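What follows is a set of notes on a single structure, which appears directly below.
The values are calculated or read from the model by the stated rules, or taken from the named source; none is laboratory data. Keep in mind that what you see is a predicted model, and the values were worked out from it rather than measured. Heads up, the Cβs are rebuilt from the backbone with ideal geometry, glycines too, and the neighbour counts pull from every protein chain shown.
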């Protein structure tokens, strides 16, 4: 019994060390000097090799324990995140090894025409039995920023983020409309503002949030979940697929995670309580009939 407790302590200690190491490397990787070189110095194949050597040096018993933990663990969470979010969900949420799986792309998007993401979600639901799918955006997202500046480039990146470009041009959310108008050509700025926005710009932050909401909506309407929910409605509750989808945004500057209040789940099942703080309800610009030149905010 004593040996078992010691082994469990060693395993947990190892996991904490691995997570803390990942945090340090992730933070440093997210910050580079003016030349673009990582401040961590972790930017060569030699650095990867040495990292692997350190991992192997923890001892065979501990490595085997970690491997066994990975094999025996069933992940409860799947994250649909952004390729350019340098802090992983495992770092952000300090999760144990094996409890999280991730699928990333530029701008944390979902489309039924994206076979890779669709297959990953299907696999997570049908084979791994995840309980929650979380669309995780991040303030300051370079993909969303690029959609705002929208350079005239014909390449795969611009094609991929084109839905975010359309969202930026058509959304009626108050902060984004104000932000969009401020960047239009005007006196003193005939070509408009083409520079990348700062991460704390309200309109930019709002677009990050609206993009996450758009992805959650697409998952609800176009992913395998719609079919699974329909099938579950015709079976007993025990046979239903009890998977919930949530929309969160991570703030790299503060470490905070905010809830966008767009969670959904199978019909007839209550949405689990979400402990993360919720952002204020978004408001759209709405043209008043009796005052055609006057706009007022309207709760979504």
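Residues that are more than 19 Å from the chain's Cα centre (by Cα), part of a loop (DSSP other than H, G, I, E, B), on the phi < 0 side of the Ramachandran plot and modelled with pLDDT of 90 or more: does the range 106-123 have at least one? For the range 106-123, residues more than 19 Å from the chain's Cα centre (by Cα), part of a loop (DSSP other than H, G, I, E, B), on the phi < 0 side of the Ramachandran plot and modelled with pLDDT of 90 or more: present.
Here residue 296 passes the criteria (1) at pLDDT below 95; (2) closer than 22 Å to residue 182 by Cα; (3) in contact with a helix residue (DSSP H, G or I) (Cβ under 8 Å, 6 or more places away or on another chain) except the one numbered (3). Assigned by TED's automatic domain parsing to the domain that holds residue 279 and within 22 Å of residue 81 (Cβ to Cβ), is that true of residue 182? No: the conditions fail for residue 182. Quick check: anything in the range 129-137 over 26 Å from residue 281 (Cα atoms) and free of Cβ contacts under 8 Å to residues at least 60 places away in the same chain? Yes, the range 129-137 has at least one match.
Which of the residues that make up the range 21-46 are in a helix (DSSP H, G or I) and either touching a strand residue (DSSP E or B) at 6+ places or on another chain (Cβ under 9 Å) or at pLDDT below 85 (or both)? Walk me through it before giving the result.
Taking the range 21-46 as the starting set, the residues that turn out to be in a helix (DSSP H, G or I) are 21-29, 45-46.
Of everything in the range 21-46, those that are in a helix (DSSP H, G or I) and either touching a strand residue (DSSP E or B) at 6+ places or on another chain (Cβ under 9 Å) or at pLDDT below 85 (or both) turn out to be 21, 22, 23, 24, 25, 26, 27, 28, 29.
The single condition among (1) over 30 Å from residue 162 (Cα atoms); (2) modelled with pLDDT under 85; (3) surrounded by 15 or more Cβ atoms within 10 Å (Cβ to Cβ) that residue 71 does not satisfy is (3). If the condition is being at pLDDT below 90 and touching a strand residue (DSSP E or B) at 6+ places or on another chain (Cβ under 8 Å), then the range 75-94 contributes no residue at all. Among the conditions (1) within 23 Å of residue 253 (Cβ to Cβ); (2) modelled with pLDDT of 90 or more, the only one that residue 193 does not satisfy is (2).
Which residue out of 92, 134, 97 is surrounded by 15 or more Cβ atoms within 10 Å (Cβ to Cβ) and touching a helix residue (DSSP H, G or I) at 6+ places or on another chain (Cβ under 7 Å)? Walk me through how you get there before you give the answer.
Values: 92 fails: touching a helix residue (DSSP H, G or I) at 6+ places or on another chain (Cβ under 7 Å); 134 fails: touching a helix residue (DSSP H, G or I) at 6+ places or on another chain (Cβ under 7 Å).
When all the criteria are applied, what remains is 97.
Per the listing 118, 154, the residue uniquely over 22 Å from residue 276 (Cα atoms), surrounded by fewer than 16 Cβ atoms within 10 Å (Cβ to Cβ) and not assigned by TED's automatic domain parsing to the domain that holds residue 65 is 154.
Reported count of residues in the range 94-119, each being within 23 Å of residue 208 (Cα to Cα) and touching a residue at least 40 places away in the same chain (Cβ under 8 Å), is 9.
Among the residues of the range 150-188, just one is in contact with a helix residue (DSSP H, G or I) (Cβ under 8 Å, 6 or more places away or on another chain) and assigned to a strand (DSSP E or B), namely 173. So, residue 102, is that one at pLDDT 95 or above, in the same structural domain as residue 245 (by TED's automatic domain parsing) and in contact with a strand residue (DSSP E or B) (Cβ under 9 Å, 6 or more places away or on another chain) or not? Judged against the criteria, residue 102 is a match.
Could you grab me the full set of residues in the range 162-185 that are more than 15 Å from residue 204 (Cα to Cα) and surrounded by 12 or more Cβ atoms within 10 Å (Cβ to Cβ)? Hits for the range 162-185 are 162, 163.
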